[in-house]
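The values are calculated or read from the model by the stated rules, or taken from the named source; none is laboratory data. Keep in mind that this is a model prediction, so the values were computed, not measured. Here the Cβ positions follow ideal geometry from the backbone for every residue, glycine too, while neighbour counts run over all protein chains shown. Accessible surface areas use protein heavy atoms only, side chains included; no ligands, DNA or RNA. Shrake-Rupley method; radii C 1.70, N 1.55, O 1.52, S 1.80 Å.
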Amino acid sequence: MSGRRHLWRWRRNPLRRREDVVEAWIVLAVWVLVAVVGAVVAPLAFRAAEHRFAEQRAHRHPVRAVLMDDAPHGVTAEWSADGRVQDAVRWVAPDGTSRTGRTLVDPSLAAGATVPLWQDDRGRLVTTAPTKPGEGRVEAGFLAVGAALAAAAPVLGAGAFARARLDRRRLALWDREWDLVGPR
């Protein structure tokens with residue numbers, strides 16, 4: 001019985017109006033478009049995210065930096081939620097040159113302590129380690145679902161707008177019919 005109830009707009013019925021048939025076609029078209037958009041966008045987003053994570057793994061390398069001064073105590077970086085402080089470090093770039101820069105370090109470290117960091121192919125410090133393959137697949141999956149939902153949202157919105165217009169038209173027709181039948 002439940003299947004029949006959902007398909008009532010498709011059956012022959014003396015109470016069925018043209019707007020009911022149009023609405024049924026709109027709902028069908030919206031869901032087909034949502035499925036097609038999701039089937040196209042999700043794999044594209046997944047592959048793009050996985051490619052980006054693989055690129056990060058290929059171009060980010062671990063490096064041991066040396067702390068140049070004692071880390072300041074009691075002074076935290078404004079954006080450091082974990083209590084680390086910013087201080088100067090020195091490391092060797094892939095081309096063999098010595099580089100210096102600033103990064104967040106534990107405030108208990110003394111000058112000369114080694115700090116594990118990540119650098120890119122040019123020897124610049126990067127803020128985060130590359131995403132591991134397993135984590136990258138999970139994150140790529142979430143990004144793919146989000147991209148599919150974002151791509152489907154305008155289709156769902158257009159369908160909701162069209163159905164709202166049909167409802168308004170249906171109510172106007174019912175008002176006109178009631179004006180004819182009501183006084184009797």
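Just one of the listed residues (90, 84, 163, 124) is more than 30 Å from residue 50 (Cα to Cα) and at pLDDT below 90, namely 84. The number of residues in the stretch 162-179 that are surrounded by fewer than 11 Cβ atoms within 10 Å (Cβ to Cβ) and not charged (D, E, K, R) comes to 4.
For the stretch 55-73, residues that are assigned to a loop (DSSP other than H, G, I, E, B) and open to solvent by 30 Å² or more (accessible area, probe 1.4 Å) total 6. When the test is whether a residue is within 22 Å of residue 58 (Cα to Cα), aliphatic (A, V, I, L, M) and within 32 Å of the chain's Cα centre (by Cα), residue 117 passes it.
A search for C-beta distances below 7 Å between a residue of the stretch 36-54 that is assigned to a helix (DSSP H, G or I) and any residue that is open to solvent by less than 40 Å² (accessible area, probe 1.4 Å) and of a type in the set (Val, Ile, Thr), counting only pairs 6+ apart in sequence or on different chains, returns 37/155; 53/131. If we scan the stretch 137-145, do we find a residue that is at pLDDT 90 or above, assigned to a strand (DSSP E or B), within 20 Å of residue 57 (Cα to Cα) and open to solvent by 50 Å² or more (accessible area, probe 1.4 Å)? No, every residue in the stretch 137-145 fails to be at pLDDT 90 or above, assigned to a strand (DSSP E or B), within 20 Å of residue 57 (Cα to Cα) and open to solvent by 50 Å² or more (accessible area, probe 1.4 Å).
Got a sec? Which of 99, 90 is touching a strand residue (DSSP E or B) at 6+ places or on another chain (Cβ under 7 Å) and open to solvent by 90 Å² or more (accessible area, probe 1.4 Å)? The conditions single out 90. Condition test on residue 155, is it at pLDDT 95 or above and of a type outside the set (S, T, N, Q)? Answer is yes for this residue. Touching a strand residue (DSSP E or B) at 6+ places or on another chain (Cβ under 7 Å), modelled with pLDDT under 90 and of a type outside the set (A, V, I, L, M, F, W, C): does that describe residue 182? Considered against the rule, which asks whether it is touching a strand residue (DSSP E or B) at 6+ places or on another chain (Cβ under 7 Å), modelled with pLDDT under 90 and of a type outside the set (A, V, I, L, M, F, W, C), residue 182 comes out as no. If you go through the stretch 130-184 and keep only what is within 16 Å of the chain's Cα centre (by Cα) and among the acidic types (Asp, Glu), you end up with 135, 139.
State all residues of the stretch 111-136 that are in contact with an Asp or Glu (Cβ under 7 Å, 6 or more places away or on another chain) and either open to solvent by 50 Å² or more (accessible area, probe 1.4 Å) or part of a helix (DSSP H, G or I) (or both); if no residue qualifies, say none.
Matches in the stretch 111-136: 111, 136.
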